[in-house]
Amino acid sequence: MSAESTPEPGIPGDAGTNGPRHRAKGRRKPRSEHRKALMLMAWTAAGILVLGGTGAGYLYFKLNGNIKSVDINGALGTDRPTKVDNGSENILVLGSDSRSGSNKKLGGGADDGSARSDTAMIVHVYKGHKKASVVSIPRDTLVDRPECTDDKGVTHDAASGVMFNTAYTTGGATCAVKTVESVTGLRMDHYLEVDFSGFEKLVDELGGVKVTTTKDITDKQSHLSLKAGTHTLNGKQALGLVRTRHGVGDGSDLGRIQLQQAFIKALVDQVKHVGLFTSPKKLYDLADTATSAVTTDSDLGSVNSLMSFANGLKSISSSKMQMITMPVEYDPANPNRVIIEKAKAQQVWTALKNDLAIPKTATKGTATGEAKGVVE
């Protein structure tokens with residue numbers, strides 16, 4: 001449901017309420033502000049979700065019905081890395097660049113009904129949920145994709161030396177998770193996916209996101225033109241920023257990842273300062289857009305589950321987020337592709353498996369994309 005069609009009745013505290021409300025005997029007490037709206041941030045850079053909850057009744061069922069989920073545990077079975085029971089969690093966050101439907105005018109390309117994982121991040125939430133590490137996986141990374149079964153029960157053959165984002169194109173969320181687990185040796189506890197149009201709407205409903213660019217950025221392919229300076233980006237501009245690769249750095253996917261990471265931090269800060277609690281209707285509109293845009297694993301496939309999960313993440317500020325790109329080097333045979341720097345990457349996976357900070361040595365001397373500092 002769009003903001004324009006949001007029904008006035010049934011939005012607690014919104015304009016149009018007839019007189020003061022009295023709590024009937026036996027009803028639950030009103031929730032505090034902190035329980036009324038919980039926020040979940042994790043994007044892909046294309047990936048950050050904002051979830052607000054207002055209560056029960058019609059709103060609960062409407063929001064609950066928006067959420068799409070995939071039974072990844074059922075599809076993948078038991079042939080997976082062992083869950084490390086140390087209080088940490090790993091979440092695979094994907095930004096889907098489907099060229100169909102409402103995404104076509106945003107992303108360009110052919111409307112072939114397919115979708116690709118334009119952005120991929122492993123979000124590791126440390127024990128105590130006070131800090132997190134985010135590891136971006138370049139979509140152009142050449143990997144060995146394992147045999148996997150999608151959520152419809154179709155088995156897809158293994159393939160060697162293929163781009164990482166073919167895992168999602170081939171078998172959707174389950175094959176993407178299977179490939180990440182194969183590459184890292186880490187168990188993904190949850191899965192979150194956001195599409196183009198949902199990302200754009202979320203940014204608009206937040207009132208835009210403030211960033212500073214240190215250089216002019218112009219990229220016709222991502223429909224972006226920004227002069228150096230401070231900007232409050234609307235949804236279309238934000239989408240262009242997290243998708244641009246030709247207007248910054250060395251023109252690679254690695255440069256785009258650096259912009260995405262800078263934008264995520266700005267978005268996290270923006271969410272913490274926006275006046276969500278002053279407008280129940282704004283809360284509802286954000287929650288409606290977020291739940292419509294997201295696909296989750298089945299464990300998070302309800303409003304209650306997402307709110308509980310978000311409650312555990314709300315204390316993580318941008319200053320407590322360590323963000324890196326998976327250690328890679330340019331492929332000598334094809335400069336448009338990258339290959340995993342295995343020794344350094346193993347430092348990352350070992351640190352996360354043991355719930356430790358990623359050592360600086362893991363990324364020293366690896367390919368970067370040369371776009372660091374373009375967005376602040």
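The mean sequence separation of alpha-carbon pairs under 8 Å and at least six residues apart, normalised by the residue count of the range 301-376, gives a relative contact order of 25 percent.
The spacing between the range 300-376 and the range 176-245, judged by their C-alpha centroids, is 16 Å.
Taking amide H atoms as placed 1.01 Å from N in the peptide plane, list the residues 5 or more away in sequence, or in a different chain, whose amide H sits under 5 Å from that of V338. Distant-sequence amide H within range of V338: T141, L142, D331. Surface calculation, 1.4 Å probe, protein heavy atoms: D204 sits at approximately 80 Å² accessible. Over the range 143-246, the Kirkwood radius and the radius of gyration, each from Cα atoms, give a ratio Rg/Rh of 1.11. Computed over protein heavy atoms with a 1.4 angstrom probe, the accessible surface ordering of D253, D151, largest first, is D151, D253. Placing +1 on the Cβ of each Lys and Arg and -1 on the Cβ of each Asp and Glu in the range 166-226, which of L202, V183, T169 has its Cα farthest towards the positive end of the resulting dipole? Checking the options against the dipole of the range 166-226, the answer is V183.
Taking the accessible area of the range 184-235, probe 1.4 Å, and keeping the other protein chains in place, the carbon and sulfur fraction comes to 45%. Scanning residues 5 or more positions from L224 or on other chains, those with amide H under 5 Å from its amide H are D219, with H placed 1.01 Å from N in the peptide plane.
Sorted by accessible area with a 1.4 angstrom probe, largest first, how do Y330, Y60, Y284 fall?
Values: Y330 85, Y60 55, Y284 0 Å².
Sorted by accessible area, descending: Y330, Y60, Y284.
Based on protein heavy atoms only, the range 221-344 ends up with 39 Å² per residue of surface accessible to a 1.4 Å probe. Computed with a 1.4 Å probe on the full set of protein chains, the accessible area for V84 sits at about 50 Å².
Order the following by accessible area, largest value first: E205, E193. Probe radius 1.4 Å; ligands, DNA and RNA are ignored. Present the calculation step by step, with values, prior to reporting the outcome.
Details: E205 50, E193 20 Å².
Most to least solvent-accessible, the answer reads E205, E193.
Distances between placed amide hydrogens fall under 5 Å for K210 paired with L233, all partners being 5 or more residues away or on another chain.
The values are calculated or read from the model by the stated rules, or taken from the named source; none is laboratory data. Everything quoted here is computed from the prediction, not taken from an experiment. Heads up, the Cβs are rebuilt from the backbone with ideal geometry, glycines too, and the neighbour counts pull from every protein chain shown. Keep in mind that these areas ignore ligands, DNA and RNA; they rest on the heavy atoms of the full protein, side chains included. Shrake-Rupley method; radii C 1.70, N 1.55, O 1.52, S 1.80 Å.
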